[in-house]
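Rule-based calculations on the coordinates, nothing more; no lab input. Please read all numbers here as calculations on a predicted model, not as lab measurements. Please note: Cβ atoms are built from the backbone with ideal geometry, for glycine as well, and neighbour counts cover all protein chains shown.
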Amino acid sequence: MKDLIEFVAKSIVHNPDAVKVSETEQDGRQVITLEVAPEDKGRIIGKQGRVAEAMRVLLRVAAVKQGKRAALQIL
C-alpha cells in the first residue's frame, strides 16, 4: 500500500525526489504518511481536496482487499 501511494504521488508532483512515504501502525490500522515539497502540496491536495480524497479511496480499497484498515495522512 505504501508503494501505491508513492507511485501516485510521484506521478502528480513536479519534484518526485522530494516525495517521502512512511508507514506506521496505530489502533489496529496502518497509517500511511505522505510528505511532499511545499510547492507540490497544492497538487497533492487538489481542488477542494479531490485528489487527496481519491488517493484515500484507493488506499482504502487496497487495504480492504488485504483484509486490513488504512488511513492516509498528508503532511
* Asked: Taking region 27-37, which residues are surrounded by 12 or more Cβ atoms within 10 Å (Cβ to Cβ) and either over 23 Å from residue 68 (Cβ atoms) or among the charged types (D, E, K, R) (or both)?
  -> 29, 35, 36, 37
* **Qualifying residue in region 3-19 (condition: part of a helix (DSSP H, G or I), surrounded by 16 or more Cβ atoms within 10 Å (Cβ to Cβ), touching a residue at least 60 places away in the same chain (Cβ under 8 Å) and not hydroxyl-bearing (Ser, Thr, Tyr))** => yes
* Give just the number: which of (1) without any contact (Cβ under 8 Å) to a residue 24 or more places away in the chain; (2) surrounded by fewer than 13 Cβ atoms within 10 Å (Cβ to Cβ); (3) not in a strand (DSSP E or B) does residue 24 not satisfy? => (3)
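Quick check: is even one residue across region 34-48 touching a residue at least 40 places away in the same chain (Cβ under 8 Å), assigned to a helix (DSSP H, G or I) and in contact with a Leu (Cβ under 7 Å, 6 or more places away or on another chain)?
Of region 34-48, the ones touching a residue at least 40 places away in the same chain (Cβ under 8 Å) are 34-35.
With assigned to a helix (DSSP H, G or I) added as a condition, the list becomes none.
No; the residues of region 34-48 include none that is touching a residue at least 40 places away in the same chain (Cβ under 8 Å), assigned to a helix (DSSP H, G or I) and in contact with a Leu (Cβ under 7 Å, 6 or more places away or on another chain).
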* Residue satisfying all of: in region 49-67; free of Cβ contacts under 8 Å to residues at least 60 places away in the same chain, within 17 Å of residue 3 (Cβ to Cβ) and in contact with a strand residue (DSSP E or B) (Cβ under 8 Å, 6 or more places away or on another chain); surrounded by the fewest Cβ atoms within 10 Å (Cβ to Cβ) among these -> 60
